[in-house]
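The values are calculated or read from the model by the stated rules, or taken from the named source; none is laboratory data. Every value quoted in this text rests on a predicted model; they were computed, and no experiment measured them. Positions of Cβ are backbone-derived with ideal geometry, glycine not excepted, and every protein chain shown enters the neighbour counts.
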Amino acid sequence: MKEKEQVKWVSYLFSAPLFQFSNNLSTKPMSASAEMPYFIKPSVNMNSEAKKEAYEIAVAEIDAILNEESNMIMKMATFNCILKTRLPYCYWVGFYIVNDGKLIVGPYQGTLGCLHIDFSKGVCGKTAREQKTQIVGEVHALDQGSEHIACDPNSQSEIVLPVFDKDKRLIAVFDLDSSETYSFDEIDKHYLERLLKTHFEERPLIKAYIQ
């Protein structure tokens, strides 16, 4: 990198902070600014046929990679990586894990996620509370702070799915966001529910990260 370009880049980093901190970090998450970070690409929606083709590839890859794996964190990280790679409308993807009656952020890819989510708040909370998939075409049409938590204002649409273990206990929710509206539909629901059922309910699952 040339010296002038390097100075310009460093100046940009310090003049345009990516995050705004809340007054109480112990109880409230940080909220991202509206400026999209350099490492994140805007979402690109897909038509139904292209989406099905992308999912078929993603499912085959995830099934092959996790064929003999049982570690929960490893599975979650692999889901995130493959789906973020194969679905161009996937702006943010990650898991919120059930912990002491609330959700805490788990493995994810994207901008900073909310650290803690109550079951009573947002789309993730509703998914955990009702234990069924939620699809939202326009998240900013929801009541902000209660029906939707704006961890990143660039998020425009969302799908959140419950994650169960073999005993049908809720262990997490799986959250995918897009910077475009109406990115998620029944195709996403079908493939994602199938993937989660296969790898978290039907196949061996070790929940402890270190043994």
Would a scan of segment 132-143 turn up a residue that is hydroxyl-bearing (Ser, Thr, Tyr), surrounded by fewer than 16 Cβ atoms within 10 Å (Cβ to Cβ) and on the phi < 0 side of the Ramachandran plot?
-> no
Filter pass, residue 186 being in contact with a strand residue (DSSP E or B) (Cβ under 7 Å, 6 or more places away or on another chain) and among the acidic types (Asp, Glu) | no
Hey, among 82, 104, which residue is touching a helix residue (DSSP H, G or I) at 6+ places or on another chain (Cβ under 6 Å) and hydrophobic (A, V, I, L, M, F, W, C)?
-> 82
Given 204, 153, which one is part of a loop (DSSP other than H, G, I, E, B), within 19 Å of residue 107 (Cβ to Cβ), out of contact with any Cys (no Cβ under 9 Å at 6 or more places or on another chain) and not β-branched (Val, Ile, Thr)?
-> 204
Would you check if residue 88 is assigned to a strand (DSSP E or B) and at pLDDT 95 or above?
-> no
By residue number, the members of segment 81-112 that are closer than 29 Å to residue 53 by Cα, small (Gly, Ala, Ser) and out of contact with any Pro (no Cβ under 8 Å at 6 or more places or on another chain) are 106, 110
Test: residue in segment 121-134 that is more than 20 Å from residue 189 (Cα to Cα) and modelled with pLDDT under 95 | yes
Residue under evaluation residue 179, criteria (1) hydroxyl-bearing (Ser, Thr, Tyr); (2) in contact with a Pro (Cβ under 7 Å, 6 or more places away or on another chain); (3) farther than 23 Å from residue 111 by Cβ, criterion not met | (3)
Of all residues in segment 91-131 being hydroxyl-bearing (Ser, Thr, Tyr) and under 14 Å from the mean Cα position of the chain (by Cα), the one that is surrounded by the fewest Cβ atoms within 10 Å (Cβ to Cβ) | 108
Could you give every pair whose Cβ atoms fall below 7 Å, whose first residue belongs to segment 72-90 and is surrounded by fewer than 20 Cβ atoms within 10 Å (Cβ to Cβ), and whose second residue is assigned to a helix (DSSP H, G or I) and not polar (S, T, N, Q), counting only separations of at least 6 or pairs across chains?
-> 78/62; 78/65; 86/54; 86/57; 86/58
Which residue pairs have Cβ atoms closer than 8 Å, lie 6 or more positions apart in sequence or on different chains, and pair a first residue in segment 166-185 that is closer than 12 Å to residue 97 by Cβ and in contact (Cβ under 8 Å) with a residue 24 or more places away in the chain with a second residue that is of a type in the set (Lys, Arg) and surrounded by fewer than 24 Cβ atoms within 10 Å (Cβ to Cβ)?
-> 171/207
Assuming residue 191 fulfils every condition listed in (1) within 25 Å of residue 100 (Cβ to Cβ); (2) modelled with pLDDT of 95 or more apart from one, which condition is it?
-> (1)
Close pairs from segment 42-58: first closer than 20 Å to residue 91 by Cβ, partner among the polar types (S, T, N, Q) and surrounded by 12 or more Cβ atoms within 10 Å (Cβ to Cβ), Cβ under 7 Å, at least 6 apart | 42/179; 43/178; 43/179; 43/183; 45/183
